[in-house]
Structure formats: C-alpha cells, structure tokens
Amino acid sequence: MLKPKYLQKIKSQNPLIHNITNVVAANFSANGLLAIGASPLMSAAIEEMEEVPRISNALVINIGTLMGKEVAAMVLAGKTANQVGIPVVLDPVGVGATRFRKQTVATLLKEVKCAAIRGNAGELATIADVDWQAKGVDAGNGNANVAEIVRVVAEKYHCVVMISGETDYLSDGKRHVQIHNGTPLFPKITASGCLLSAVCGAFLAVAKPEEYFDAMVEGCTTYALAGELAAKQLSDTQHGQFYVGLLDQLASISPEQISQLARVSYE
Amino acid sequence: MLKPKYLQKIKSQNPLIHNITNVVAANFSANGLLAIGASPLMSAAIEEMEEVPRISNALVINIGTLMGKEVAAMVLAGKTANQVGIPVVLDPVGVGATRFRKQTVATLLKEVKCAAIRGNAGELATIADVDWQAKGVDAGNGNANVAEIVRVVAEKYHCVVMISGETDYLSDGKRHVQIHNGTPLFPKITASGCLLSAVCGAFLAVAKPEEYFDAMVEGCTTYALAGELAAKQLSDTQHGQFYVGLLDQLASISPEQISQLARVSYE
Amino acid sequence: MLKPKYLQKIKSQNPLIHNITNVVAANFSANGLLAIGASPLMSAAIEEMEEVPRISNALVINIGTLMGKEVAAMVLAGKTANQVGIPVVLDPVGVGATRFRKQTVATLLKEVKCAAIRGNAGELATIADVDWQAKGVDAGNGNANVAEIVRVVAEKYHCVVMISGETDYLSDGKRHVQIHNGTPLFPKITASGCLLSAVCGAFLAVAKPEEYFDAMVEGCTTYALAGELAAKQLSDTQHGQFYVGLLDQLASISPEQISQLARVSYE
C-alpha cells in the first residue's frame, strides 16, 4: 500500500524546480508546479545554465519544442545539476519522430546522469530500441511489452523509468510498479505528460537518492489520481474544463486521498 | 446547405498536424487540435523541417511571434510539405505591421504553394495590396470590399482564402461563401484566429485537393459554431470562461449540430 | 480616495501594447490585455524593434525567460519607445537569480528610460542593492523595508516603482501609496506579476507623463481588486479556476467597483 510521504514535504519545503521545457507546456507546467506546492523557474538561456541548477532542487529537461541552440544549454544545465547533486528528470518528447530528437536524447543520456526518464510508450520504445509505431509526439501503437521496456531502460541508464498510459509502468530495474489510476481525458489535453514530468521533478527534489523510486511512485500516483478526481466531475468532451480542473485537484489533493484511492500494484 | 463530412474523418483518421506557430498560440492551438480530434506536433527547429512534414498530414505556418531564424525553417518545412503533397495553411499574423513580416510573407508565398491562407481583413488587405488601417495584429478598419479581397488573393495564389470577422468570407477564386455563425467573444481572446488556422489544417488533412474548398467551409463553420455555442452560455465579459468553453465545444460539436445550426450563404 | 479615470480611457482608446515577454506569460498577458480593453502585440524579433514601438502606445519589457539574443532586441525596442515618447514598463523577473539577469537589467536601466518598474520585493531589493533572500523568480524573504526600497529605486531611476505582495507599494520618489486589495491566490498562479506589468502598460498608454503615478495607482488597484473579486467566489485551492476567473473579472470590473472597493492608503 502506498503511504504518501513526499507530497507533504513539497508543501513544507516548497522546492525550486528548474525547467527547460517547450513553449506549449511552459505555462501549464509552471501552474501545475505551483499547484502541487513547488516553485517553478523556467529557463533555457545558456548564459545562466551554470547558475540556475545551483539554486534549484531539481532539473527537468523536456525536448518538446527543441531549437538547435537549446541542446547545449540542456547539456550544461544537466552537468551542473549532476555536479551539485540535484535530481534530473528527462522527458524525451517525440524522440522517435526525427533524427534530431534521437541525437539530442542520445547526447543527453550520454552526458547527463538522469534520476528519472518519463515518457509515453512510443518514446521509451525508441530509447529501448524496440520496434514501435509512434505518431509524432503521441504514444502510437506497438507490440512490445511495456513492462519490459521500462525495465530494460531502467537497467541500462540506472535510473527510474516511467511510461504513462492507460496503465502507468514504473521500474528502477529491480522494483516494478503499475499505477491504475487516471482518466482517458489525460491524452486529450496537451502537455499533460510534460506537466507530469515537472511534477516528478518536485517529488524527487524532496527525496534522497535511495528514495527516488518511492518518490516517483508517489508522484505519478498523485498526478494520475488528481486527473481521475478532476475527470469525475466532467463529461468526456470537457477538455477545457479538465485543463482547469486538473490544476485545482493538484492543489487540493491530500495524502489521505492518495492512501485511500491509489490503485498501485507492486510486482 | 452544408453537409458535414470532414469532421467525422478527423475523428476517425486522427491526422497529425505540424504547426510552426507563435508562443502565444502554441498551447491553445495544440489543445484545440486535440479537441477537434487531430494530433498536434509543434516544431520550428530547422534541424527537423525535412522530416516532420513527411510524417504529418498537414502543415500550418503562423508568423505571429516570428524570430529571424524561423523564416528559413518555415520555408524548408513548406517546401517539404509541397514535395510530399500535404496541404499548407498560412496564417500571416500582423503582416501589415512591419516590413519584416511583409517580407516574410512575400518569401513564403513565393517559395511555398499554399492550400489555404487565413487571416483577418487587415492581413489579407495587405496581401492584396489594398488600402487598409490595420492595428498591430488586429483587423483594424478599411473601406475595401472584403468579399473582393478574398477573391483577388484566391485568384492570385490559386488557393482557398478565408477572412475571419463578424461575417467570415471564403473564396477559391470561383466559389464564394459567407459564414454568419460566430460570436463577438472571438476577438476578445488571444489566438482565436491562430487556432482557427490550425483547425483548418486538420480539415484539409482529411480532404483531397479538389475538396479543399468544401473542407475549409466546413472547418470554418464548425469553428464559428463552436464559438457561438460556447458563448451562448456566457456573458460578454466572461473571456476566461470562453477560452475554456471553446475547447469543450470543439470536442463535443457534432455533424448534426453543424447541419442544423450552420448559417452559410453560397453566392 | 481613488477616482478611476484611466480604465475608461483604455476601453475607449483601445491602446496597442507592445510586449517583449517570456514564453510562460505570453498567452496570459495577451488575454489579460484584451480583457482590460487593450490590444496586445507580442514581438521580440530584432528585425521589427524599430517599427513595432512606433505603432504602439506602450512597451512592456519582461525578462522572464530571456535568451541571449533578446537583450539586444529589448534595448532597441526600448530606445525606439523613448524616441517616440511612449511609456516603457520594465518587469525584472528573477533579476537576483543569476548574473545574466543582473547584467541584462543593468543594461536596460542604463540604455532605456523607464516610466515604471514593477516587480516583487526580491527583484526590487536586487535593483536597490539591499540584502534580500529571493527564491528563483519568487519574492523570497528579507528584512529590508519595502516602502524604503520603492522610494530609493524610484528616486534613482526617476520613474514610478511598484512592488507587488500582500500589500502593494508604489512610489515615484515623492508620493507613496499602499494598496491593500488582493488575494493570496495571486502568487499561486504563474505570470500573475507579468500580467500586472502588461496591465500597467495599458494604463500608462492612456496617461500623460505627469499622470503616470496616478495611472499606475489606478492600474495596480484595478488588477488587485479584479483578483480579489475572482477569489471571493473560489476556495483557496482553485488555482485553475482563479486563472480563468481573473480574466473574467478584468473584463467586467467597472470604475464604480473600483471607487467603492479600493483600499488605497496615501502616505
């Protein structure tokens, strides 16, 4: 059973989360981080990538609307984060879509030690190098075993890996968890995955390295459940209201709700 | 009478729409495309402009918050789209405001074959080279005949041209249509024109070239009507709620509603 | 007592506000400006920085997600604005966080004459060069006297200075005002400070230079009160709804409401 521990730490410690993210997700990620109790700082300026991670408690790198010059900023921020020992979350948005994204993710995974990688099945399948038909930045379809993909990537990069979908899969190579909370409205709004990656940054920011797996499980469950609670009050075409309601739920969700409503299976 | 045909195709085919758009509209356009049933991919990185259009079903180019280096990316993406035969929509945001925007649009219209150009009266008047007092990125006022402007630009560039306003005007040079649906709340929210251009991309993506005019008429009517339905439930100062409600209506609007409520006049 | 005068001028004159702002705030600022009755134009392209201020009624410079090349665009736009005599508002987002931001603000304050500087206590403390513990782009905590900081900066730069917080402080070096309207929900949403700076631009745009202080007091009070009215209908975790409701209130707030509900103390 999930015993929430980190959400309260976020509320009391108010960690600063440095986000290098895409223009679609920037506003929503900042609002979502504020809702969960963290403090967002969005910056991709290479001029300050040796400074911002030093004042931050986690770094989230998202390649959603990457421009060429940002890759160097991401690498520099990632290296700085590694030096000062704060966790790095990588969101490899649409990595399978183009060579540029594949090369960027390869560079990031080579140069930066990640605490967690979070994406959809298509993105992680690309990183695992298994066959998959992704669709742009959407998950797409494939025959590969999703549980296997998270395990393989977690082992290879020695970090926590999370795949979002109808069921969420998490693994650190040894432990394997599935989260059954959520709502079909998640893929109906843009940046819902990007915001989850940002939220993961907040949960990792208040955890010790040996707790990263537990913090990721709690963070992903909290997010899935917030969406589930928001969707309960809505019809399946109320995309706009879901966008708004998700922020409200992220701000109001409590450890008690998480304990009671989490549907998490430990393998 | 309008017999909706393409909305259902969007729902079933879920076309991928490549958007090169501005930072103000990026999030709203992505959410609006998801609401209508399409899949958004936002990218302006020149490194992937020869690849993204190849996996996409339409390309939407919007010059709203143009930076210098993006022009080359737009041209390259447009040429690639032309090569692979997917439709290109151009949204010449604020083209009359500066020489830079005028030159950019001139370059795009010279280098890229557009399936459709969509803008407000001031923007299309600039392209038609008739006298008009635009106001920044807003429509402004002029004495020119809007019906004449759409026809002239459509003839010149051999594409469908659409001017948004209290009444919407469409022409492919031969056929001329006016749409009387809509709401005064549209110009009260930012990026409502940008989102319409993106939605046009989704409608063109599921149409054959000889159907582009019909697809544009259905797309623009669907959008105008979604706004009208959203506004019905609101007062004229509920800008924020309209922003949210428009997404909800785009997700829920049905071919039956379009048949029944469309006010389209064919000349 | 506050006698509203400028809000009505915004509604009737619909001033065009040129914003060089960050990717997080761009959409919200544009929507907020439309709500208050102004016309937003977002552009940071150096190619048009000698033209856009010439057609605008105010310029708002916000360094929130600064990239290196934008500094030159900001300086050029600011110089152009000074030449044509339109007011410039500077929002020094997170100026204390990095050397890059400090240098950028120093450059801007040297090269551009500002009509107003608006920020949180941490940002203005950095500009005043007093000791303060800012937290990223958030206000943070310090022992310095906030009323003293606004006065010192206003005197040094001969402009109106405004610090947002639970109580808002304004000074032009001679006159000193505190605004007690507002809501704890303001710091819970991203870009609420950025939007206020944009709104200040709209109020200054319809004022004469000798009225800038009065226009700033009315603008900041209007904004604080719009938030207060939006929050009244919400619980303290309805962040998403507050984001939406603030826009609605900005669109509906009237001079009568401002006269009746303003809690402004003149020193």
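Based on this model, can you work out whether A:Ala26 counts as touching a strand residue (DSSP E or B) at 6+ places or on another chain (Cβ under 8 Å) and either more than 28 Å from A:Gln241 (Cβ to Cβ) or open to solvent by 10 Å² or more (accessible area, probe 1.4 Å) (or both)? Please lay out each step first, then the result.
Details: touching a strand residue (DSSP E or B) at 6+ places or on another chain (Cβ under 8 Å): yes; either more than 28 Å from A:Gln241 (Cβ to Cβ) or open to solvent by 10 Å² or more (accessible area, probe 1.4 Å) (or both): no.
For A:Ala26, the condition - touching a strand residue (DSSP E or B) at 6+ places or on another chain (Cβ under 8 Å) and either more than 28 Å from A:Gln241 (Cβ to Cβ) or open to solvent by 10 Å² or more (accessible area, probe 1.4 Å) (or both) - is not met.
Residues that are under 28 Å from A:Asn22 (Cβ atoms) and facing another protein chain (nearest Cβ under 9 Å) were ranked within the range C:56-66; the one that is nearest to the chain's Cα centre (by Cα) is C:Gly64. Filtering the range C:243-257 down to residues that are assigned to a helix (DSSP H, G or I) and hydroxyl-bearing (Ser, Thr, Tyr), which residue is farthest from the other protein chains (Cβ to nearest Cβ)? Ranking the qualifying residues of the range C:243-257, first place goes to C:Tyr243.
If only residues of the range A:157-166 that are more than 18 Å from A:Val112 (Cβ to Cβ) and in a strand (DSSP E or B) are counted, the one that is most open to solvent (accessible area, probe 1.4 Å) is A:Ser164. Here A:Thr65 clears all of (1) open to solvent by 10 Å² or more (accessible area, probe 1.4 Å); (2) within 18 Å of A:Gly201 (Cβ to Cβ); (3) of a type in the set (Ser, Thr, Tyr) except the condition numbered (2).
Okay, residues lined up against (1) within 11 Å of another protein chain (Cβ to nearest Cβ); (2) on the phi > 0 side of the Ramachandran plot; (3) outside any loop (DSSP other than H, G, I, E, B):
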site	(1), (2), (3)
C:Lys9	no, no, yes
C:Val24	yes, no, no
C:Ala30	yes, no, yes
C:Ala35	yes, no, yes
C:Ala44	yes, no, no
C:Glu50	yes, no, no
C:Arg54	yes, no, yes
C:Gly68	yes, no, no
C:Ala73	yes, no, yes
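Given the options A:Ala224, A:Ala154, A:Ala147, name the one that is among the small types (Gly, Ala, Ser), part of a helix (DSSP H, G or I) and modelled with pLDDT under 95. Even if it seems obvious, please write down each step before you answer.
Working: A:Ala224 fails: modelled with pLDDT under 95; A:Ala154 fails: modelled with pLDDT under 95.
Of the residues listed, the single one that is among the small types (Gly, Ala, Ser), part of a helix (DSSP H, G or I) and modelled with pLDDT under 95 is A:Ala147.
Among what's in the range B:227-242 and is within 14 Å of chain A (Cβ to nearest Cβ), farther than 9 Å from B:Leu185 by Cβ and part of a helix (DSSP H, G or I), pick the residue that is least open to solvent (accessible area, probe 1.4 Å). Here the residue is B:Gly240. Out of B:Gly240, B:Gly173, one residue alone is farther than 26 Å from C:Val244 by Cβ, free of Cβ contacts under 8 Å to residues at least 40 places away in the same chain and touching an Asp or Glu at 6+ places or on another chain (Cβ under 7 Å). It is B:Gly173.
Every listed requirement among (1) among the small types (Gly, Ala, Ser); (2) in contact with a helix residue (DSSP H, G or I) (Cβ under 6 Å, 6 or more places away or on another chain); (3) modelled with pLDDT under 90 is met by C:Gly136 save one, (2). Exactly one residue out of C:Gln83, C:Gln103 is under 28 Å from A:Ala73 (Cα atoms) and open to solvent by 20 Å² or more (accessible area, probe 1.4 Å): that is C:Gln103.
The numbered conditions (1) within 18 Å of C:Ala30 (Cα to Cα); (2) under 13 Å from the mean Cα position of the chain (by Cα); (3) surrounded by 24 or more Cβ atoms within 10 Å (Cβ to Cβ); (4) of a type in the set (Ser, Thr, Tyr) are all true for C:Thr190 except (2). Comparison of C:Glu70, C:Glu51, C:Glu47 shows that the only residue that is among the charged types (D, E, K, R), out of contact with any Leu (no Cβ under 9 Å at 6 or more places or on another chain), open to solvent by 20 Å² or more (accessible area, probe 1.4 Å) and free of Cβ contacts under 8 Å to residues at least 40 places away in the same chain is C:Glu51. Scanning for something closer than 26 Å to C:Ser56 by Cα, within 14 Å of chain A (Cβ to nearest Cβ), modelled with pLDDT of 95 or more and open to solvent by 10 Å² or more (accessible area, probe 1.4 Å), does the range C:112-130 turn up at least one residue? No, because not a single residue in the range C:112-130 is closer than 26 Å to C:Ser56 by Cα, within 14 Å of chain A (Cβ to nearest Cβ), modelled with pLDDT of 95 or more and open to solvent by 10 Å² or more (accessible area, probe 1.4 Å).
Examine the range B:195-216 for a residue that is of a type outside the set (Ser, Thr, Tyr) and within 10 Å of another protein chain (Cβ to nearest Cβ), and state whether such a residue exists. If you could, list the steps in order and put the result at the bottom.
Step one: of the range B:195-216, the residues of a type outside the set (Ser, Thr, Tyr) are B:195-196, B:198-211, B:213-216.
With within 10 Å of another protein chain (Cβ to nearest Cβ) added as a condition, the list becomes none.
Checking the range B:195-216: not a single residue is of a type outside the set (Ser, Thr, Tyr) and within 10 Å of another protein chain (Cβ to nearest Cβ).
The values are calculated or read from the model by the stated rules, or taken from the named source; none is laboratory data. Please read these numbers as outputs of a predicted model, since none were measured by experiment. In this analysis, Cβ positions are derived from the backbone assuming ideal geometry, glycine residues included, and neighbour counts consider all displayed protein chains. The protein model used for the area step is the full one, side chains on, heavy atoms only, and it has no ligands, DNA or RNA in it. Shrake-Rupley method; radii C 1.70, N 1.55, O 1.52, S 1.80 Å.
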